[in-house]
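The structure appears right after this line, and notes come after that.
The values are calculated or read from the model by the stated rules, or taken from the named source; none is laboratory data. A quick note: this is a predicted structure, and the numbers were derived from the prediction, not measured. With ideal geometry, Cβ positions are generated from the backbone for all residues, glycine too; neighbour counts draw on all protein chains shown. When the accessible area is computed, the model is the full protein with side chains, heavy atoms only, and any ligands, DNA or RNA have been set aside. Shrake-Rupley method; radii C 1.70, N 1.55, O 1.52, S 1.80 Å.
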Amino acid sequence: GGASPAEREAFRSTLLRRLDLIATHAQLARTRAFVTDFVLLHGPLSPAFEHLPAFGRCAFVGWANQLLWDACLERGIEALPLSAAVARWGQDRCLSLKRYLSADAPFTASGNNCFAQLVSRQLAACFTPRKKVLVVDLDNTLWGGVLGEDGPDGIAFRPDSYRGRIFHSVLGFIKA
């Protein structure tokens, strides 16, 4: 929905060409490239007609975002999930069709803050050294019982016992 096959192919071709340029620039500049996925500025005009090809903007944006994510993955470009962030924060809170039409600025003041938060978190995730330490209590956390008092045979952590099943699940979760 939302576009003819010829329009979709033209969009796909343009998008891939632009992503190739971004990837080439990032490689030559020895840096990382970031793009956001596509967001609908406003919801369907009438949800009852969204399934019709002429009104299928939501379906088109979903298709375009899948194309973008796949192409970014192939090219080593970081794609920021702006559409998911806007959905989580609330479209009315983040986007303004009036601002877009009058000033070519689609974000509300709150939307600008939300967008900045998304970008800063992604940058921090990419450029901050990671610490790989998990600290947990042992007795009655990783197993049932107190090792010093109950001894190795007195603690519960196996899936075959009622008391040990939860501890076995926790151990599997930590290992994963």
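Suppose accessible area is computed on protein heavy atoms with a 1.4 Å probe; arrange VAL133, VAL61, VAL86 from highest to lowest. The partial results should precede the final answer.
Working: VAL133 120, VAL61 30, VAL86 5 Å².
Ranked list, largest accessible area first: VAL133, VAL61, VAL86.
Normalised by the number of residues in the stretch 78-176, what is the relative contact order in percent for Cα pairs under 8 Å and 6+ residues apart?
Worked out over the stretch 78-176, it gives 15 percent.
Which FRET efficiency value, to the nearest 0.05, is calculated for ALA87 and LEU142 with the Förster distance at 25 angstrom and r the Cβ-Cβ distance?
Working: r = 37 Å, r/R0 = 1.49.
Efficiency for this residue pair is about 0.10.
So for each of 105-112, 116-123 I average, over its residues, the number of other beta carbons within 10 Å; can you give me the resulting order with the highest mean first?
Numbers: 105-112: 15.9, 116-123: 13.6.
Descending packing order for the listed peptides: 105-112, 116-123.
So for the chain, taking the charge dipole from beta-carbon charges (+1 Lys/Arg, -1 Asp/Glu), which of CYS72, PRO106, THR36 sits furthest toward the positive end?
Going by the charge dipole, the pick is PRO106.
Count the net charge of all other residues whose Cβ sits under 15 Å from the Cβ of PHE127, scoring Lys and Arg as +1 and Asp and Glu as -1. Can you show the working numbers first?
On the way: positive: ARG30, ARG32, ARG121, ARG130, LYS131; negative: GLU78.
Net charge around PHE127: +4.
Rank these by accessible area, largest first, 1.4 Å probe: TYR162, TYR100.
Highest to lowest solvent-accessible surface, that is TYR162, TYR100.
In percent, what relative contact order does the chain have, based on Cα pairs under 8 Å that are 6 or more apart in sequence? Mind showing how you got there, number by number?
Values: 174 pairs, mean separation 28.6, N = 176.
Once divided by the residue count of the chain, the mean separation gives 16 percent.
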